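First the structure, in the form of structure tokens, and then the observations on it.
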């Protein structure tokens, strides 16, 4: 992965930590299933925050795949490159 | 020390600076990611809210946190389970009841019957609690909403969400959210509602109102420096005009305005005389403090002249240093005048205590009353006796026993942070309405008028008859009525009316010591001729103490049924 993608992933990790109120420092990587705070309600907040931060709009069909900083970075990359 | 509950603190200055830094984030275009980054590093007043809901409230509550912290409030949400029937789980304690309801999910209520059904549910909730109730129901047709508001359920408020829905149009709903978050409201809708809920609707139900706005001139009401650029050199942009207009609207709604500026008074007068393009006029300001000294003493003088606590004043200035100094020294609420005056105006109207559910007649009387206060003070100083002073002023007191029409004003008096609240019980409209139902004479309102002005309802006595004892739960007098040598006369008559035709043998006053109610405590000690213990919660005496008082014949008294 390029340093730009790593930087984006780091930003996403920080944003997720803030929305999910994870104690600092946030883990280097994590997935939705392993974070109890990341329930369905918080998932919607995460999506809303990502959309606001990066000026994108996810399709409902993408929601289920946005399960980790890496997966989100990949999805965002596709949106931002489009 | 902390920055809550009226105590000045070391971090009040820090709070003012952080507050200024948050303003563009909170009052610009809302952005969930940016708002989530606003995390309070200061102590806030906890307010526990019980949420009765049938769709997801969490996307709103998570955003409320930053707006509430900006107002030094920390909402402790007690969110119930999803319930389309509004059965109200009341197991946990709360201070405010919030109903968060999507009426489209209702299956069993016939068309045109939504208002009736909601009203029945609100009455049911009211029968369990005197907490303020805020009901956010959408969609709610106008006629259905009016049916609820016309019922005049005490301390029950139903904000109209439709203007927000109209403003956001197609951005109001987001069907994508429904499947996983349980609400069809969009992110933007949730953020707009959160801002109004945390800054306006909930605080107005539980927080004392703001009474005045003190505003700087240079860099705040215009760009430029008056002493250097002169009246014709300063510039007024669209944002400044928006701020002027907003201040004018607040003044029209009963909030007093003051100028606090580092300029010479003649220069300020010339500025307003020459700049006819200013929407605000010099006469709109009840107090003008133009001097080269620090702003916190100037603000203290404003508070003194208006007869209010500095904590009931919002101070607007473009200089963060001034905001910090004022916040640390006086406890006033601060708003930063940023580059965009329209954003400053938006921040101003979201200071908790600015928005109120309704305005009282007294709001319109306040300015006139204050403007003649110096004349009254002059008469106090020169009068040979109290009777001569009262006769000269042609003082008239009117007493209203059990009047439902004064419930809102009495609740306002009880909730204010003024100097003459004996027990600081903070009774709300529902508390007072409940006492009226028990016995109309449990609530006495006092109206004051003299030849200089009509002060409106300035006092109230609330309590109950318990066997042979008259229990006085609260005595409140507006600061505007203090210093007129009226307290003894005003309250003796009220207590006798309260007692009715069969006077009790004992009278007990509930008391409490707060940061500013020393004048009320001093009055009671002098009235009963006792030493009032710091920790006393109640003072009981023989009712003869009230019977023995004489009421000045110089005062005209009227008792309304």
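The values are calculated or read from the model by the stated rules, or taken from the named source; none is laboratory data. This one's a predicted model, so the numbers in the text were calculated from it and none came from an experiment. Here the Cβ is made from the backbone with ideal geometry for all residues, glycine too, and neighbour counts use every protein chain on show.
Miscellaneous remarks
- Residues considered: B:540, B:473. Of these, the only one that is part of a strand (DSSP E or B) and touching a residue at least 60 places away in the same chain (Cβ under 8 Å) is B:540.
- Checked against the criterion of being free of Cβ contacts under 8 Å to residues at least 60 places away in the same chain and either over 22 Å from the mean Cα position of the chain (by Cα) or farther than 30 Å from residue B:153 by Cβ (or both), the candidates B:382, B:344 yield just one match: B:382.
- Residue within the stretch B:223-245 that is in contact (Cβ under 8 Å) with a residue 40 or more places away in the chain and on the phi > 0 side of the Ramachandran plot present: no
- Selection status of residue A:61, over 18 Å from residue B:37 (Cβ atoms) and either in contact with a helix residue (DSSP H, G or I) (Cβ under 9 Å, 6 or more places away or on another chain) or touching a residue at least 12 places away in the same chain (Cβ under 8 Å) (or both): no
- Restricting B:129, B:149 to residues that are under 26 Å from the mean Cα position of the chain (by Cα) and within 21 Å of residue B:89 (Cα to Cα) narrows the list to B:129.
- Taking the stretch B:162-236 as the region of interest, the helices (runs of 4 or more DSSP H) fully inside it that hold 3 or more residues being at pLDDT below 95 and surrounded by fewer than 21 Cβ atoms within 10 Å (Cβ to Cβ) are B:175-181.
- Number of residues in the stretch B:99-110 that are surrounded by fewer than 19 Cβ atoms within 10 Å (Cβ to Cβ) and farther than 12 Å from residue B:139 by Cβ: the value is 4.
- Matching residues in the stretch B:347-375 - criterion: being surrounded by fewer than 17 Cβ atoms within 10 Å (Cβ to Cβ) and either without any contact (Cβ under 8 Å) to a residue 12 or more places away in the chain or farther than 30 Å from residue B:68 by Cβ (or both): B:361, B:364, B:368, B:371, B:372, B:374, B:375
- Test: residue A:47 is away from chain B (no Cβ under 12 Å), closer than 22 Å to residue A:7 by Cα and buried (at least 17 other Cβ atoms within 10 Å of the Cβ): no
- Leading residue by the ranking (farthest from the chain's Cα centre (by Cα)) among those in the stretch B:152-185 that are on the phi > 0 side of the Ramachandran plot and in contact (Cβ under 8 Å) with a residue 24 or more places away in the chain: B:182
- Failed condition for residue A:65, given (1) crowded, with 17+ Cβ neighbours inside 10 Å; (2) within 14 Å of chain B (Cβ to nearest Cβ): (1)
- Residue that is nearest to residue B:38 (Cα to Cα), among those in the stretch A:21-41 that are out of contact with any helix residue (DSSP H, G or I) (no Cβ under 6 Å at 6 or more places or on another chain) and within 10 Å of chain B (Cβ to nearest Cβ): A:21
- Test result for residue A:18, within 13 Å of another protein chain (Cβ to nearest Cβ), in contact with a helix residue (DSSP H, G or I) (Cβ under 6 Å, 6 or more places away or on another chain), closer than 17 Å to residue B:63 by Cα and surrounded by fewer than 19 Cβ atoms within 10 Å (Cβ to Cβ): yes
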